[in-house]
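Enquirer: Sharing a structure here in structure tokens format.
The values are calculated or read from the model by the stated rules, or taken from the named source; none is laboratory data. Here the structure is a predicted model, which is why all the values come from computation and not from measurement. Quick reminder, even Gly has a Cβ in these numbers, built from the backbone with ideal geometry, and neighbours come from all protein chains shown. Side chains included, ligands, DNA and RNA excluded: accessible areas come from the protein's heavy atoms. Shrake-Rupley method; radii C 1.70, N 1.55, O 1.52, S 1.80 Å.
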Amino acid sequence: MATKKTAPKSYREIESVKAYRRLMQGYYLMATHPKWFGKKTAWITSGGPVEPLYAMGVLPFYPENYGAMCGAGREAVSLCETAEAQGYSRDLCSYARLDIGSSISGKGPLGVLPKPNFLVCGNNICGTVIKWYEIQARKFQVPLFFLDTPFIHKELTDHTIQYVRRQMEEYVAFLEKACRRPFSEKRFLKVSARSVEAVSLWKEILELSRSRPAPFAAFDAFIHMAPIVTLRGTGWAVRYYKKLKKELENRVKNGQGAFAREEIRLIWDNIPIWYDIRNLSQLLARHGAVLVADTYTSAWTLKPLDLANPLESLSRSYASVLLNLGLEHKVANMSELIKQYQADGFIMHSNRSCKTYSLGQYDLKKKVTELTGKPGLIIEADHTDSRSYAPSQVEKQIETFVEMARTR
Amino acid sequence: MSQKTSFLDLIKELAKIADRGWSEVATHLPPGRIPIGYFCPYVPEELLQAAGTVPLRLMDMPVKISHAQAHLPAYCCHLVKSSLENYLRGDLDFLQGIVFSQSCDTMKGLADIWTIEGRLPFQFNLMVPTRLNSPLARDYFRIEVENLKAALEKKLGKISDESLKEAVRLFNQIRKRLRTLYARMRLDPGRLPGKGLAQIVQAGYLMDRDQYLQLLTGLLDSWPDQSAGKTPEVPLYLSGNIVHSGDWFSLIEEAGGRIVYDDLCSGARTLRLTIKEEGDPLDALVDRYFTNYLCPTKHQGIEAHQELLLKEVQESGAKGVIFLFYKYCESYYFDYPDLKKLLEGKGFPTLLLEIEDPSQAREQMKIRLQAFVEMLS
Ligand code: SF4
Ligand code: SF4
């Protein structure tokens, strides 16, 4: 596997990355030492409603984001093996496996993770998280709040919204009990307003890559998405994305792309292959191909919250995240991305760790090509467990595909 | 003597029904009843029955997979692969519809692929909530069941309360007979091999239920008075999903073990579905899913699966537990390590067998089963 640490020459480094690092270091310092800051922490799934947590002053910790960190740092396999030694099957989602492994061994890039005060699990992304959070709730012996958002094959029905909304009220009551203080509507509105702002900024940032050349490649988005996931609802995320947006707007003004060569524009589907991002990015760059958008980071452009009716719109928004929508919606979403970003094709990561994302990709590919005329490629991997990855085969597939897309 | 003959005849007949392929299932339907497919016990069969259908359960018929690969990645359980294969080959074209229920991510994906292919005139996705320890989920599910009822009525005509109650009584009777059957198997274990029991259970999903009840009743009535004599096999509990092929039972018996009780999703677990016969039948249909723990794809508190399994294992008189799971089934594999730890801590050794394609891997499983049973005897 190619592991060169240098960025390709054609790649234009994002300057805000320094601010990004400081921000995330600060966040992880708090997340690993919540007591120093007098904070309670909650583990929360990536699609869980975080705004009420920030409103209560609780610091969210995202095991999935931690998983991405372990994957990118190539520490996932040994953590997965710890879980496997306890009987967890290798066929389970590797985010879950590595998180379980890390809480058994106390190892991982952040050392021993502090015990959370409680857990918040939303199944709007998958069914995996229910089982994973049950395991951790048993292990840590802490309360678990579970927000159930029925899957939307076709449309979001009124009784689904009502069901989710009533659970949001329960969530608030749960937080009041866990934090032993009343929920402040005022703070919640303030946090929600910041969340709305960060989400819009993130959306605008991603949309900048509709221009040619794209100032912000999907590989950049995979890195810079961390604040929209973990710090959504804080002023930090807003400030950071304002800075990033400014930098990228300048690029657009000056006609500068993330890569010097941009001949083929592609869309990425599914979670990145965290441990091989750099290699794949270089490979594509060598062929003049750029990933200009992806279905993963754009999932955090949640429907905007209606501040006049925050709980209701929170329910609507969290119930209808991309991973909670059926194939028809995914076809529409991918086709729209191709159109908006003037893409020449798409690469789909068939991710054996993430069934919710990967089931239906073959049909998705077929339908999207029918609708847009653009070719798609399916490659097989796992987002963090590199044992299930054959890099040279994937590289060959990508090379052939890019050349094919060029001639279409 | 004639009593004994009829007992054996009934066993044979039920075994034959269990072994039917889809085309034979189709030709044996009673006239006027409409075949509807479903996968999961969260679909209220009673409602389908009351609508004038024969609910037929899709449960991994042996089939060579050749069409499904174009739609599914390799990392899917065989139940989903084989069902899609049957569907794409047209084996299920005789069905007038299918009811999916929200369970795991793989099934969710299958439901969408099924829709895109659009081979059947009717598909309903019943969104069973996941948080089954909440009254909010109950209210939500009640509306979902009402919607299923309305969709069936639109297609097949009004479902009266009376016909629903009648269907409830029918399925309760079936469950009652099955419960008796399990009890008989314990008292008179030499009478029928485990494979026979599995086939009896399986047959029930592939035929008209009125006829099935008659066969079950006949079977119990003709059960010989004298015990066939005790067998010395090691009593075991079988835990797993919809893996109801008689072959597993035979393998276990060849290794010297015997299943005394199970929680297979197609087996004894469905006995937990017994419904109240009084009051509003729709309420009763809904309530049963909230009062009993049924499936690891659902959340009913963090200890629900462990508590119930331990209780059943202890009551069953089993000496050990065999876990039989489809490969790639996340819901079961996530629960497994803690279940194993709990059971072994209470003195029940466990053995995990993983099934990828049920028609393969017999030999290797046999060796592991023999070693396990030997350790227990
Ligand atoms: S299964 Fe997919 S969506 Fe669920 S936790 Fe794993 S990676 Fe995330
Ligand atoms: S066996 Fe497991 S993976 Fe397969 S459909 Fe059932 S719950 Fe889903």
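Enquirer: Averaging over every viewing direction, what projected area does the convex hull of the Cα atoms of region B:33-159 cover, in nm²?
Expert: Values: hull surface 31.5 nm².
Computed as one quarter of the Cα hull surface, the answer is 7.9 nm².
Enquirer: Turning to a different aspect of this structure: Using the heavy atoms of the protein chains and a 1.4 angstrom probe, tell me the accessible area per residue for region B:232-377 in square angstrom. Please list the in-between numbers first.
Expert: Numbers: 5240 Å² over 146 residues.
Each residue of region B:232-377 exposes 36 Å² on average to a 1.4 Å probe.
Enquirer: Let me have the relative contact order for chain A, percent, based on Cα pairs under 8 Å that are six or more residues apart. Intermediate values should be presented prior to the final figure.
Expert: Working: 691 pairs, mean separation 81.3, N = 408.
Contact order relative to length: 20 percent.
Enquirer: Now for a different question. Give me the distance in nm between label points sitting 7 Å out from Cα along the Cα-to-Cβ direction at B:Arg89 and A:Lys203, one decimal.
Expert: So the two model labels end up 4.8 nm from each other.
Enquirer: Let me ask you something else. Nearest 100 Å² is fine: how much accessible area is buried between A and B, summed over both sides, with a 1.4 Å probe? Let's see the in-between values first.
Expert: Working: alone 17360 and 16280 Å², together 29270 Å².
Adding both sides of the contact gives about 4400 Å².
Enquirer: Give me the extension gain from B:Gln214 to B:Arg179: residue separation times 0.36 nm, minus the current Cα-Cα distance, reported in nm with one decimal. Please report the intermediate quantities before stating the final value.
Expert: Details: separation 35, 0.36 × 35 = 12.60 nm, distance 1.53 nm.
Value of the extension gain: 11.1 nm.
Enquirer: Count of lysine pairs in region A:256-378 with Cα atoms under 12 Å apart, counting only pairs 8 or more residues apart in sequence or on different chains? If you can, show how the numbers build up before the last one.
Expert: Values: A:Lys330/A:Lys365; A:Lys330/A:Lys367; A:Lys339/A:Lys374; A:Lys365/A:Lys374; A:Lys366/A:Lys374.
For region A:256-378, qualifying lysine pairs total 5.
Enquirer: Still on this structure: According to a simple spin-label model (label point 7 Å from Cα along Cα-to-Cβ), what is the distance in nm between B:Glu24 and A:Lys339?
Expert: Between A:Lys339 and B:Glu24, the label points sit 5.2 nm apart.
Enquirer: Using only the alpha-carbon atoms, what does region B:273-347 span along each of its principal axes? Please give whole angstrom values in decreasing order.
Expert: So the extents along the principal axes, rounded to whole Å, are 43, 30, 21.
Enquirer: If you project the alpha carbons of region B:232-377 onto the principal axes, what extent comes out on each, in Å, largest first?
Expert: 51, 33, 30
Enquirer: What length, rounded to one decimal in nm, is gained on full extension from A:Ser184 through to A:Glu370, with 0.36 nm per residue of separation minus their alpha-carbon distance?
Expert: Values: separation 186, 0.36 × 186 = 66.96 nm, distance 5.04 nm.
Going from the current span to full extension adds 61.9 nm.
Enquirer: Send over a whole-number figure in Å² for the accessible area per residue of region B:33-159, probe 1.4 Å. Don't jump to the answer; show the numbers that get you there.
Expert: Working: 3720 Å² over 127 residues.
The answer is 29 Å² per residue.
Enquirer: Give the calculated FRET efficiency between A:Phe37 and B:Glu307 to the nearest 0.05, with a Förster radius of 41 Å applied to their Cβ-Cβ distance. Mind showing how you got there, number by number?
Expert: Working: r = 38 Å, r/R0 = 0.93.
Calculated value: 0.60.
Enquirer: Taking every DSSP beta bridge with both residues inside chain A, roughly what % is antiparallel (nearest 5)? Let's see the in-between values first.
Expert: Details: 1 of 28 bridges.
Bridges in chain A are about 5 percent antiparallel.
Enquirer: To continue, here is another question. Tell me the Kirkwood radius of region A:287-408: reciprocal of the mean inverse pair distance over distinct alpha-carbon atoms, in Å.
Expert: Numbers: mean 1/r = 0.0626 Å⁻¹.
Over region A:287-408, the inverse of the mean reciprocal pair distance is 16.0 Å.
Enquirer: Report the Stokes-Einstein translational diffusion coefficient (µm² s⁻¹, integer) for chain B, Rh taken as the Kirkwood radius over Cα pairs, at 25 °C with viscosity 0.890 mPa s.
Expert: Numbers: Rh = 21.4 Å.
Roughly 115 µm²/s, to the nearest whole number.
Enquirer: Oh, and also: For A:Lys177 and A:Ala390, calculate 0.36 nm times their separation in residues minus their Cα-Cα distance, and state this gained length in nm to one decimal.
Expert: Numbers: separation 213, 0.36 × 213 = 76.68 nm, distance 4.88 nm.
Residue separation times 0.36 nm, minus the Cα-Cα distance, leaves 71.8 nm.
Enquirer: Also: Report relative contact order for region B:232-377 in percent, whole number only (criteria: Cα-Cα under 8 Å, sequence separation at least 6). Each step should come with its number before you reach the end.
Expert: On the way: 186 pairs, mean separation 45.2, N = 146.
Rounded, it is 31 percent for region B:232-377.
Enquirer: Which of the residues in region A:91-110 show a loss of at least 30 Å² in accessible area from their chain by itself to the complete set of protein chains, at a probe of 1.4 Å?
Expert: Listed in order, they are A:Asp91, A:Leu92.
Enquirer: So, for chain A, what is the accessible surface per residue at a probe of 1.4 Å, expressed in square angstrom? Mind dumping the intermediate values first?
Expert: On the way: 15170 Å² over 408 residues.
Heavy-atom accessible area per residue stands at 37 Å².
Enquirer: Another question, then. What is the Cα coordinate range of region B:117-274 on the first, second and third principal axes, sorted by size from largest, in whole angstrom?
Expert: Each principal axis gives a Cα extent; for region B:117-274 these are 54, 36, 32 Å.
Enquirer: With equal scatterers on the alpha carbons only and no solvent term, can you work out the Debye log10 of I(q)/I(0) for region A:1-121 at 0.10, 0.18, 0.19, 0.20 1/Å?
Expert: Each listed q maps to, in turn, -0.38, -1.04, -1.11, -1.17.
Enquirer: Take B:Lys366 and A:Lys253, extend 7 Å from each Cα along the Cα→Cβ direction, and tell me the distance between the two endpoints in nm.
Expert: 7.8 nm
Enquirer: Thinking of region B:150-190 as a set of Cα atoms, what percent of all their pairs are more than 16 Å apart? Mind showing how you got there, number by number?
Expert: Working: 468 of 820 pairs.
Result for the distance tail: 57 percent.
Enquirer: Apply the membrane-span-like helix rule to chain B: whole DSSP H runs, Cα extent along the own long axis of at least 20 Å, mean Kyte-Doolittle hydropathy at least 0.0. List the helices found. List each step's numbers first, then the result.
Expert: Values: long enough: B:2-18 (24 Å, 0.14); B:135-156 (31 Å, -0.41); B:161-187 (39 Å, -0.71); B:330-345 (24 Å, -0.89); B:362-376 (21 Å, -0.15).
Taking the DSSP H segments of chain B (at least 20 Å long, mean hydropathy at least 0.0), we get B:2-18.
Enquirer: Here is a follow-up. Could you name the lysines whose alpha carbon sits less than 16 Å from that of A:Lys246, not counting residues in the same chain fewer than 8 places away?
Expert: Straight-distance partners of A:Lys246: A:Lys18, A:Lys203.
Enquirer: Grab the alpha carbons of the protein assembly as shown, take their convex hull, and tell me the volume per residue in Å³. Working shown, then result.
Expert: Values: hull volume 125.0 nm³, N = 785.
So the per-residue Cα hull volume is 159 Å³.
Enquirer: Summarise the accessible area of the protein assembly as shown (1.4 Å probe, protein heavy atoms) by the percent that is carbon and sulfur. Present the calculation step by step, with values, prior to reporting the outcome.
Expert: On the way: 15060 of 29270 Å².
Carbon and sulfur atoms account for 51 percent of the accessible area of the protein assembly as shown.
Enquirer: Rounded to the nearest 500, what is the protein assembly as shown's calculated 222 nm mean residue ellipticity when only DSSP H runs of at least 4 contribute -39500 (n - 2.57) each, over all residues? Spell out each step's value before the answer.
Expert: On the way: 31 runs with 400 residues, N = 785.
One gets -16000 deg cm²/dmol as the mean residue ellipticity at 222 nm.
Enquirer: From Cα pairs below 8 angstrom and at least 6 apart in sequence, can you work out the relative contact order of chain B, rounded to a whole percent?
Expert: Details: 568 pairs, mean separation 74.1, N = 377.
Relative contact order of chain B: 20 percent.
Enquirer: How high is the FRET efficiency from B:Lys341 to B:Leu8, r the C-beta distance, R0 51 Å, rounded to 0.05?
Expert: 0.70
Enquirer: Can you list the residues, at least 5 places off or on another chain, whose amide H is less than 5 Å from the amide H of B:Gly240, using H built in the peptide plane?
Expert: Placed amide hydrogens put B:Asp263, B:Leu264, B:Cys265, B:Leu324 under 5 Å from B:Gly240.
Enquirer: Can you figure out the FRET efficiency of B:Asp225 with B:Phe122, using R₀ = 35 Å and their beta-carbon distance, to the nearest 0.05? Spell out each step's value before the answer.
Expert: Values: r = 48 Å, r/R0 = 1.36.
With R0 = 35 Å, the Cβ-Cβ based efficiency is 0.15.
Enquirer: Run the numbers on region A:131-146: which residues show a drop of 30 Å² or more in accessible area, chain on its own versus all protein chains together, using a 1.4 Å probe over heavy atoms?
Expert: A:Lys131, A:Glu134, A:Arg138, A:Phe146
Enquirer: Here's another thing I want to ask about it. According to the Kirkwood expression over distinct Cα-Cα pairs, how big is the hydrodynamic radius of region A:17-407, in Å? Numbers along the way, then the final one.
Expert: Values: mean 1/r = 0.0467 Å⁻¹.
With all distinct Cα pairs of region A:17-407 included, I get 21.4 Å.
Enquirer: Assuming a strict under-29 Å limit between Cα atoms, what lysine pair count do you get for region B:232-377 once near-sequence pairs (fewer than 8 apart, same chain) are dropped?
Expert: Eligible lysine pairs with Cα atoms under 29 Å apart amount to 26.
Enquirer: Would you grab the residues whose amide H sits under 5 Å from the one on A:Phe346? Only those 5+ places off in sequence or on another chain, please, with H modelled 1.01 Å from N.
Expert: Close amide H contacts, sequence-distant or interchain: A:Ile267, A:Gly376, A:Leu377.
Enquirer: Quick check on region A:140-263: what are the equivalent-ellipsoid semi-axes from the Cα gyration tensor, as sqrt(5λ), descending, whole Å?
Expert: Numbers: eigenvalues 267, 70, 36 Å².
Calculated on Cα positions only, the semi-axes equal 37, 19, 13 Å.
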